[in-house]
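Quick notes on the structure that follows.
The values are calculated or read from the model by the stated rules, or taken from the named source; none is laboratory data. Keep in mind it's a predicted model, so treat the numbers as computed, not measured. All Cβ positions, glycine included, derive from the backbone under ideal geometry; neighbour counts span all protein chains shown.
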Amino acid sequence: MITIGEAKISEAEEIKKLLNYVWVDTYRDLFSDETIRFITEEGQSCHNLKLEIENSDLLFTVAKYNSERIVGLSTAEKKDDGIFLKRLYVHPDFQRQGIGISLLIHVLDNFKNAAAIYLEAEENNTKGINFYKKYDFEVIDTKQYNLKGDKFSTLLMKKLVSN
């Protein structure tokens, strides 16, 4: 059984392990080892994750299997008249079981007055992009980045939210 709830500081290490695993699984063919190491060791450090969990402006949600093992997560924050979905990851062994949409619904339920939800997805992350398109997200822009020598593009996606 999957339960959805807010992340706790005490879960930072388990969250980091999940993020590292999912990030490598998703992006190992898209980014250099240096970029992956930078993201997983610095960007997703336990210290940074704890700061995010403590941040009252950020909704940090986890999905747990049998109320124990963290198998998915999302982070989102209010931006202007909408929501910006910063992360939504599900462990590969638990994908295609409704966890991703449950996390997304939880985000939407916590930002009732939002007119839209936005996110960025790496343009070659077809699994992620297909997931969002399945739930009526549309590409509205493309952004270019250079991180540790890796040049890549993201798709800015938007979904209108009916209140």
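Quick check on the range 76-92: of everything there that is under 18 Å from ILE15 (Cα atoms) and either buried (at least 22 other Cβ atoms within 10 Å of the Cβ) or modelled with pLDDT under 95 (or both), which residue is nearest to the chain's Cα centre (by Cα)? Steps first, please.
Initially, the range 76-92 is screened for residues under 18 Å from ILE15 (Cα atoms), giving 76, 85-92.
With either buried (at least 22 other Cβ atoms within 10 Å of the Cβ) or modelled with pLDDT under 95 (or both) added as a condition, the list becomes 76, 85, 88-90.
Values: ALA76: 8, LEU85: 7, LEU88: 2, TYR89: 5, VAL90: 9 Å.
Among those residues, the one meeting the criterion is LEU88.
Within the range 7-29, is there a residue that is assigned to a loop (DSSP other than H, G, I, E, B), within 16 Å of the chain's Cα centre (by Cα), within 27 Å of GLY149 (Cα to Cα) and modelled with pLDDT under 95? Break it down stepwise before answering.
The initial filter retains those residues of the range 7-29 that are assigned to a loop (DSSP other than H, G, I, E, B), namely 7-8, 28-29.
Then keep just the ones that are within 16 Å of the chain's Cα centre (by Cα); that gives 7.
Applying the additional criterion that residues be within 27 Å of GLY149 (Cα to Cα) yields none.
No: zero hits.
Which is over 15 Å from TRP23 (Cα atoms), surrounded by fewer than 17 Cβ atoms within 10 Å (Cβ to Cβ), more than 16 Å from the chain's Cα centre (by Cα) and at pLDDT 95 or above, of ASP141, ASP150? Step through it out loud before you land on a result.
On the way: ASP150 fails: at pLDDT 95 or above.
Checking each option against the conditions leaves just ASP141.
Looking for whichever is closer than 14 Å to LEU18 by Cα and touching a strand residue (DSSP E or B) at 6+ places or on another chain (Cβ under 7 Å) here; the options are SER102, SER67, SER74. Which one fits?
Working: SER102 fails: closer than 14 Å to LEU18 by Cα; SER67 fails: closer than 14 Å to LEU18 by Cα.
After applying the criteria, what remains is SER74.
Any idea which residue in the range 103-134 is surrounded by the fewest Cβ atoms within 10 Å (Cβ to Cβ), counting only those that are β-branched (Val, Ile, Thr) and in a helix (DSSP H, G or I)? First the steps, then the outcome.
Pass one, the range 103-134, residues β-branched (Val, Ile, Thr): 105, 107, 117, 126, 129.
Still in the running and in a helix (DSSP H, G or I): 105, 107, 126, 129.
Working: ILE105: 13, VAL107: 21, THR126: 10, ILE129: 17.
Only one residue tops the list, namely THR126.
Given the structure, is LYS159 without any contact (Cβ under 8 Å) to a residue 24 or more places away in the chain, part of a strand (DSSP E or B), out of contact with any Ser or Thr (no Cβ under 6 Å at 6 or more places or on another chain) and not small (Gly, Ala, Ser)?
Values: without any contact (Cβ under 8 Å) to a residue 24 or more places away in the chain: no; part of a strand (DSSP E or B): yes; out of contact with any Ser or Thr (no Cβ under 6 Å at 6 or more places or on another chain): yes; not small (Gly, Ala, Ser): yes.
Considered against the rule, which asks whether it is without any contact (Cβ under 8 Å) to a residue 24 or more places away in the chain, part of a strand (DSSP E or B), out of contact with any Ser or Thr (no Cβ under 6 Å at 6 or more places or on another chain) and not small (Gly, Ala, Ser), LYS159 comes out as no.
In the range 45-71, what count of residues is obtained for those that are surrounded by 19 or more Cβ atoms within 10 Å (Cβ to Cβ), β-branched (Val, Ile, Thr) and out of contact with any Phe, Trp or Tyr (no Cβ under 6 Å at 6 or more places or on another chain)?
So the count comes out to 2.
Specify which of the listed residues (GLU14, GLU6) is acidic (Asp, Glu), surrounded by 13 or more Cβ atoms within 10 Å (Cβ to Cβ) and touching a strand residue (DSSP E or B) at 6+ places or on another chain (Cβ under 8 Å).
Numbers: GLU6 fails: surrounded by 13 or more Cβ atoms within 10 Å (Cβ to Cβ).
None of the others qualify; the one that does is GLU14.
Could you check GLU42 against (1) at pLDDT below 95; (2) surrounded by 15 or more Cβ atoms within 10 Å (Cβ to Cβ) and say which number it fails?
(2)
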